[in-house]
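Structure, as structure tokens:
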Amino acid sequence: MIARDNDTLRVSAPMLIGNAADLLAAGRDSLRSVPPSERVLIDLGQVQEVDSSALSVVFAWLRTAARQGVGVRLVNPPASMLSLAELYGVSELLPLA
């Protein structure tokens with residue numbers, strides 16, 4: 001679901017409502033293990049499917065990282081996620097690398 005490789009968290013599961021709670025928990029756990037003031041990349045390149053819950057999960061991860069003092073950048077977001085972010089007017093809030 002989420003694998004950590006040094007300063008990168010690689011998401012491999014579909015980001016859909018059916019597994020949003022599990023993804024949220026896995027991402028939060030991963031982010032809480034990062035020391036404050038460090039930076040991480042969240043690589044979404046292996047994510048094949050997204051729905052609007054993906055944005056909710058990503059924004060929750062960003063809040064968790066901010067509370068931990070961890071910098072986050074998103075890499076390789078699926079085009080469908082970017083399209084949803086544009087549709088909802090939140091694309092400027094995504095910290096794209």
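The values are calculated or read from the model by the stated rules, or taken from the named source; none is laboratory data. Quick caveat: nothing in here was measured; it's all calculated off a predicted structure. Cβ coordinates were reconstructed from backbone atoms using ideal geometry, including for glycine residues, and neighbour counts include every protein chain displayed. When the accessible area is computed, the model is the full protein with side chains, heavy atoms only, and any ligands, DNA or RNA have been set aside. Shrake-Rupley method; radii C 1.70, N 1.55, O 1.52, S 1.80 Å.
Quick one: which residues, 5+ away or cross-chain, put their amide H under 5 Å from the amide H of Val72? H built at 1.01 Å from N.
Those lying under 5 Å, H to H, from Val72 are Val40.
Keeping the other protein chains in place, figure out the carbon and sulfur percent of the accessible area of the chain, with a 1.4 Å probe.
For the chain, the apolar C and S fraction of the accessible surface comes to 51 percent.
Name the residues whose placed amide hydrogens come within less than 5 Å of the amide hydrogen of Asp43, ignoring near sequence neighbours (fewer than 5 apart) on the same chain.
Leu9, Arg10, Val11, Val75
Please give the solvent-accessible surface of Glu86 in Å², to the nearest 10, using a probe radius of 1.4 Å with every protein chain present.
The accessible area of Glu86 comes to roughly 120 Å².
Can you give the % of DSSP beta bridges in the chain that are antiparallel, to the nearest 5?
Details: 4 of 14 bridges.
Given both bridge residues lie in the chain, the antiparallel proportion sits at roughly 30 percent.
Okay, helix-only estimate at 222 nm for the chain: each DSSP H run of n ≥ 4 adds -39500 (n - 2.57), divide by all residues, round to 500 deg cm²/dmol; what do you get?
So the helix-based figure for the chain works out to -13000 deg cm²/dmol.
With each label point set 7 Å from Cα along the Cα-Cβ vector, what nm distance links Leu87 and Arg32?
Placing both labels 7 Å beyond Cα along the Cβ direction yields 3.3 nm.
Taking Cα pairs under 8 Å and at least six residues apart, what relative contact order does the chain come out at, in percent?
Answer for the chain is 30 percent.
Whole-Hz Karplus ³J(HN,Hα) for region 83-88, in order, using 6.51 cos²θ - 1.76 cosθ + 1.60 and θ = phi - 60°, x for Gly and Pro?
5, 5, 4, 5, 4, 8
Would you please give the FRET efficiency between Ser52 and Asn6, computed as 1/(1 + (r/R0)^6) with r the Cβ-Cβ distance and R0 = 35 Å, to the nearest 0.05?
About 0.70, to the nearest 0.05.
Pop a pseudo-label 7 angstrom from the Cα along the beta-carbon direction at both Arg67 and Ala79 and give the gap in nm to one decimal.
Using points 7 Å along Cα→Cβ, the separation is 3.6 nm.
Can you sort Ile2, Ile42, Ile17 by 1.4 Å-probe accessible area, starting with the largest?
Sorted by accessible area, descending: Ile17, Ile2, Ile42.
State in Å² the accessible area per residue of the chain; use a 1.4 Å probe, count heavy atoms of protein chains only, and round to the nearest integer.
Per residue, the chain has an accessible area of 52 Å².
Compute the length gained on full extension between Asp22 and Phe59: take 0.36 nm times their separation in residues and subtract their Cα-Cα distance, giving the result in nm to one decimal. Walk me through the numbers on the way to the answer.
On the way: separation 37, 0.36 × 37 = 13.32 nm, distance 1.49 nm.
My answer for the length gained is 11.8 nm.
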